[in-house]
Amino acid sequence: MAGNSWLAISQINFALRMHYPALKAIAPWEGYTGLFRHYVARGGRPHIPGLHRMISNGFAGPEGVENVGAMLEKRPLYEDYWEDKRIPVENIDNIPMYVVASYSSMLHTYGSFQTFR
């Protein structure tokens, strides 16, 4: 499997939860695995609130999506709520990952390198 951005996040999550014999490797390009630390509050401070709205509106299905910006205001510290949204990539031990990062967009860079570690 290979994918960029949202597709990278999806395939990492998929690889953690599903174990298919035919899946031999994943190649997440420019994704992240920790919503709080890699995206909404990098370094402990809110990161581009307008971007939260744009991404939330862009990924919204018929039922909508969680308002990440509002939740950050309500829960500004890392706690169980944010931990529940983290993909524990360290638990993926059944397939290799070819993690790709770039410096072209600060949106994905930090999360990509943290996923690799």
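FYI, it's all coordinate maths here, none of it is from the lab. Bear in mind the structure is a predicted one, so any value in this text is a computation, not a measurement. Positions of Cβ are backbone-derived with ideal geometry, glycine not excepted, and every protein chain shown enters the neighbour counts.
Take the chain, connect every pair of alpha-carbon atoms lying under 10 Å apart with a spring to form a Gaussian network, then pick out the residue of Gly31, Gly50, Gly69 with the largest mean-square fluctuation.
In the Gaussian network model the winner is Gly50.
With the contact rule set at Cα under 8 Å and sequence spacing of 6 or more, what percent relative contact order holds for the chain?
36
What number, rounded to the nearest 500 deg cm²/dmol, is the helix-based mean residue ellipticity at 222 nm of the chain, given -39500 (n - 2.57) per DSSP H run of at least four residues and division by all its residues?
Value at 222 nm, helices only: -10000 deg cm²/dmol.
For the chain, modelled as a Gaussian network with Cα springs under 10 Å, which listed residue fluctuates most, Ile26, Ile95, Ile87?
Ile95
When a footprinting reagent is the concern and you count Cβ atoms within 10 Å, what order do Phe36, Phe14 take, fewest first?
Going from least to most buried by this count: Phe14, Phe36.
Connecting C-alpha atoms closer than 10 Å in a GNM of the chain, tell me which of Met106, Met18, Met97 has the biggest fluctuation.
Met18
Hey, what does the equivalent ellipsoid look like for the stretch 2-116, semi-axes from the Cα gyration tensor as sqrt of 5 times each eigenvalue, largest first, whole Å?
Over the Cα atoms of the stretch 2-116, the ellipsoid semi-axes are 24, 15, 14 Å.
What is the distance, in nm, between label points placed 7 Å from the Cα along the Cα-to-Cβ direction at Asn67 and at Leu7?
Result: 3.2 nm between the two label points.
Starting from the Cα of Asp93, step 7 Å along the direction of its Cβ; do the same at Arg17; then give the gap between the two resulting points in nm.
Each label point is offset 7 Å from its Cα along the Cβ direction, giving 2.2 nm.
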